[in-house]
Amino acid sequence: MFRFFYELSGVTPTEEPTAGGSHCLLPACFRERFSGGRPTSGDRQEGTAVVVQPVAPLRSRLSWRGCRRLSAWLRARFSRGVWTAGLRHAARALLPTSLAGVLCVSLWAAVGRQPTEAIKVDQVGYLPGSMKLAFVTGSGDATIFVIHEATTGAIRFRGALSAPTIDRDSGDSIRAADFSSVTKPGVYFLDVPGVGTSWSFQIEPDLYRPIYYLAMRSFYGQRCGTAVNMGPEFPSLKHPICHTAAAFHSSSGKEGTVPPSKGWHDAGDYGRYVVNSGISTATLLWTWEIFGDRVKDVSLSLPDHKRTVPDLLTEVRWNLDWMLTMQDTDGGVWHKQTSEGFAGFVMPDQDKQTSFIIGTGKQPFKSTCATADLAAVAAIGARVYRPFDPTYAERLGAAAGKAWTWAAANPGVTFRNPPGVVTGEYGDGDCHDELFWAAAELARTTHDATYEQYFLGHYQDYLHAGRRLAWSFVAPMALWTYALGNGPNRIAVDEIRRQTLASATELAERATQGYRLSLRTSDYDWGSNGEVANYGLELLIANRFQPSRQFVYAALDNLHYLLGRNTFSLSFVTRVGEHSVLHPHHRPSGAPGADLPWPGLLSGGPNRGRQDAAMRRLVPAGTAPARSYIDNQEAFACNEVAINWNAPFVFLLAGLNGLP
């Protein structure tokens, strides 16, 4: 059975397989892990991505050419329906326990079939008791579909395709394949005669736990001010300590060097921005507050793991600690810490530019939005960390109070990049929603009448605003936290809940059309996938107010879109699924020597605005909004990654994992 490993590698084994198969050892040529050349989009079309996507502990370095030879060998020697015990053992050996069946659900996908993009499934899979839909385009005269077990090829379900409908935002004519009655856990694929087969997917109750692990651990991969090593699952993904040269910028009102600090690299660049950190960190803290029982025992394999603190909170603290360093002694907070210009596509430790603390360039040098964001986040942290580290919680509470005092006294100090600085601006012309959010979180944490009165004096201004949650508009966080915390004013709580339920009902109704997601046509802009995740977050918040299968199923539908059930049949999360994003705008993923992208990162997604040169060159004007996307490193307007998109994605995974 194992001779094919030797044939492919040309390496003489140092260990022979033992008799019986169940305890076989793979030869020495498979003792390392996948590496080798980066696949091209053409290679991926040939259906061999299943052999490259895993980050599994393969026991040798197998090149991309070797991967293709392995796939060809398997196809030549195994017909559909034949899956020997030896091959099953090999597949298990190729995958780490925690990620088995997710990053490369089965070597069966490489055997005798080539999946087609015309069949769209969630490439991670479906919960056993949930609705299970796939979509088919270009189906011609096809009328039926068949569900096969991936490991045996056995038929488990036959069904009829729905009548075709038009998805408005992509222009696709799609037919639905409903296999909701299939509930047995396992690995499957869908076959449509005359069209082809789908990528593999699982049906499992704990389906999203490994994806939560990857998505949450991506924040560790974004750490600044430290060496990063993604561990034995990803042996090539590491770098020494980065951005050790730090100083006050002339725009900050201070001068001199500052010690290296922590924080997360914001997106595809190496900047750190308080306002985007604000909503991202708060979303993760809410993940703990609302779904902590579902994620408390998930180890993120952190080097600073503490036995008494959940890993989620250990990781969040890395960024909170940096946010605290951005607070001046008067309570105000500087806007960002970046170099004056963007780094090239190099690893973090190779970016030798000075990391500057950057202010507004004039008195009072700090900005209201950044300061109020810190007040809100630190207030959440003060209540979240209290059971684990009371001293740290007290420090956060004090920082939140000082930030509030400064922001309330300086309510209109906005930020624009000072001369000579061209990194991300995150400019916001109105900081009153940030003040509103800070008051709400402080009221919930401290029960102080000052914050309560501010909230009650302004909540009607935002209750029917109709604007979506974003880093630049955080009023929904204020409304929700007041209701989630059962604020003392029952009229306000009831109004907030009614409005949230009405909004969620609209989101759920939108998710019954086309590819079944909540986006409107106008939502296909910068970071549309983050918008999908935020809509899922809102649906799960509404479900806390009033449990509803409609809300949960709509949240699942939005997640299915992100994980492959979309017009591109593409998982928008790196290293997740057999056909996923390969070329994100992310400097570590595009640095010299990188082969595959860093894992667990949510790509920005379709953007009808086409605000970068690559999109304008490769995506024709007039392209349907949902198809305005390219998997191209240069396309930062649609293929960058960002912490404020990954954070609601984590929230969504935590909220949906383990449901029946």
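The values are calculated or read from the model by the stated rules, or taken from the named source; none is laboratory data. Remember, it's a predicted structure, so these values are computed and weren't measured experimentally. With ideal geometry, Cβ positions are generated from the backbone for all residues, glycine too; neighbour counts draw on all protein chains shown. In case anyone asks, the SASA skips ligands and DNA or RNA and just uses the protein heavy atoms, side chains included. Shrake-Rupley method; radii C 1.70, N 1.55, O 1.52, S 1.80 Å.
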Stretch gain in nm, segment residue 165-residue 297, where the contour uses 0.36 nm per residue and the Cα spacing is subtracted: 43.2 nm
Solvent-accessible area per residue, Å², over the stretch 566-660 with all protein chains present [probe radius 1.4 Å]: 25 Å²
Solvent-accessible surface (1.4 angstrom probe) belonging to residue 462, in square angstrom, nearest 10: 40 Å²
Convex hull per residue volume in Å³, alpha carbons only, for the stretch 551-591: 81 Å³
Debye equation applied to the C-alpha atoms of the stretch 378-419, log10 I(q)/I(0) at 0.28, 0.34 Å⁻¹: -0.84, -1.02
Span per principal axis, largest first, for the Cα atoms of the stretch 542-660 (Å): 46, 36, 25
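So what's the net charge close to residue 278: Lys and Arg +1, Asp and Glu -1, counting the other residues with Cβ under 13 Å from its Cβ?
-4
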Accessible surface ranking that places the most exposed of 442, 484 first, with a 1.4 angstrom probe: 484, 442
Cβ-based net charge around residue 473, under 11 Å, with every Lys or Arg adding one and every Asp or Glu removing one: -2
Accessible surface, 1.4 Å probe, highest first, among residues 388, 572: 388, 572
Burial ranking of peptide ranges 604-614, 633-643, 407-417 (average Cβ count within 10 Å, highest at the top): 633-643, 604-614, 407-417
Residue 494-residue 422 pseudo-label distance in nm [points 7 Å out on the Cα-to-Cβ vector]: 5.7 nm
Solvent-accessible ranking of 380, 290, largest area first, probe 1.4 Å: 290, 380
Where only alpha carbons of the stretch 283-389 are counted, the Rg and the Dmax (Å): 16.6, 47
